Amino acid sequence: MLKKWNELPAYMQTKEVRPYYEILKKQQGKLMLKRILDFSMATYMFILFSPIFVIIALSIVIDTHGGIFFRQERITQYGRKFKIYKFRTMVRNADKIGTHVTLENDKRITHVGKILRKYRLDELPQLINIIIGDMSFVGTRPESTYYVRGYTKEMLATLLLPAGVTSEASVKFKDEEKLLNNEKTVDENYLKEILPRKMEYNLKGIKNFSLLGEFNILIKTIFAVIR
């Protein structure tokens, strides 16, 4: 459910966010149905894919030392911090020895990690985040606190909804790593070039919010992964 305007964090109560809030306010019923569908689908998929979870977990343990899951602080609805779940695809403490985003041919990625990332299998544990309400299947990808600090006032409108596993921007920028190949300037390039372009799609998604539109994004994501 969408909070009342005066219950939003103060930094979100701006004239730039207000138009997006009013659009979503008219979609309260659909937003409730969206949450019910998210919970139901994620629970079913978690049970269905549990054997795959076990196989991937064993592969990670055999490949390199470290935990099975990668957990990192991200930002979701109303600026709330949460821990995102992913299968670990990098060496231990990779977030402490490199950039905030992954580069093409990143040396921190493990052998099993390359396969998991190629087919987006590392994203499967995010079913847990969906079940507990941190995320949705479709929505703006959750950014780290570091990048959210660089949001414009209009970009903050994306925090009106839970973060998502996929989005139109995710499909368009599925090869994002290839665009960020300079480790020295990667964070600056992401903030100034990639993030604004992705946010154009994310904000447009709020303006044109519909359950059918989100279903189409899921289909696009499946075909993007297959290709």
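Just one of SER136, SER167 is at pLDDT 95 or above, surrounded by 24 or more Cβ atoms within 10 Å (Cβ to Cβ) and farther than 12 Å from ILE206 by Cα; which is it?
The conditions single out SER136.
Which residue is farthest from TYR85 (Cα to Cα), if the candidates are limited to region 19-32 and must be touching a residue at least 12 places away in the same chain (Cβ under 8 Å) and open to solvent by 80 Å² or more (accessible area, probe 1.4 Å)?
It comes out as LYS25.
Identify the single condition in (1) free of Cβ contacts under 8 Å to residues at least 40 places away in the same chain; (2) in a helix (DSSP H, G or I) that HIS65 does not satisfy, given that it satisfies every other one.
Just one mismatch for HIS65, condition (2).
Which residue, of ILE52, ILE56, is open to solvent by less than 60 Å² (accessible area, probe 1.4 Å) and in a helix (DSSP H, G or I)?
Values: ILE52 fails: open to solvent by less than 60 Å² (accessible area, probe 1.4 Å).
Criteria check complete, one pass: ILE56.
Pick from region 9-18 the residues that are hydrophobic (A, V, I, L, M, F, W, C) and surrounded by 12 or more Cβ atoms within 10 Å (Cβ to Cβ): which of them is nearest to ARG149 (Cα to Cα)?
The selected residue is MET12.
Would you pick out the residues in region 11-35 that are within 16 Å of PHE209 (Cβ to Cβ) and hydrophobic (A, V, I, L, M, F, W, C)?
VAL17, ILE23, LEU24, LEU31, MET32, LEU33 - these are the residues of region 11-35 that are within 16 Å of PHE209 (Cβ to Cβ) and hydrophobic (A, V, I, L, M, F, W, C).
Return yes or no: is GLU200 in contact with a strand residue (DSSP E or B) (Cβ under 6 Å, 6 or more places away or on another chain), closer than 27 Å to GLN27 by Cβ and either β-branched (Val, Ile, Thr) or part of a helix (DSSP H, G or I) (or both)?
no
For region 111-133, which residues satisfy the criterion of being at pLDDT 95 or above and open to solvent by less than 20 Å² (accessible area, probe 1.4 Å)?
Scanning region 111-133 gives PRO125, GLN126, LEU127, ASN129, ILE130.
Does GLY79 meet the test of being of a type in the set (Gly, Ala, Ser), open to solvent by less than 50 Å² (accessible area, probe 1.4 Å) and modelled with pLDDT under 95?
no
Here's the yes/no breakdown for (1) among the acidic types (Asp, Glu); (2) open to solvent by 80 Å² or more (accessible area, probe 1.4 Å); (3) out of contact with any helix residue (DSSP H, G or I) (no Cβ under 7 Å at 6 or more places or on another chain); (4) part of a loop (DSSP other than H, G, I, E, B):
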{"position": "GLU143", "(1), (2), (3), (4)": "yes, no, yes, yes"}
{"position": "TYR146", "(1), (2), (3), (4)": "no, yes, yes, no"}
{"position": "LYS153", "(1), (2), (3), (4)": "no, yes, yes, yes"}
{"position": "LEU156", "(1), (2), (3), (4)": "no, no, no, no"}
{"position": "LEU159", "(1), (2), (3), (4)": "no, no, no, no"}
{"position": "LEU191", "(1), (2), (3), (4)": "no, no, no, no"}
{"position": "PHE209", "(1), (2), (3), (4)": "no, no, no, yes"}
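The values are calculated or read from the model by the stated rules, or taken from the named source; none is laboratory data. Note that this is a predicted model, so its numbers are computed, not measured. Cβ atoms come from the backbone with ideal geometry, glycine included; neighbour counts cover every protein chain shown. For the accessible areas, the whole protein counts, side chains as well, though only heavy atoms, and no ligand, DNA or RNA atoms are used. Shrake-Rupley method; radii C 1.70, N 1.55, O 1.52, S 1.80 Å.
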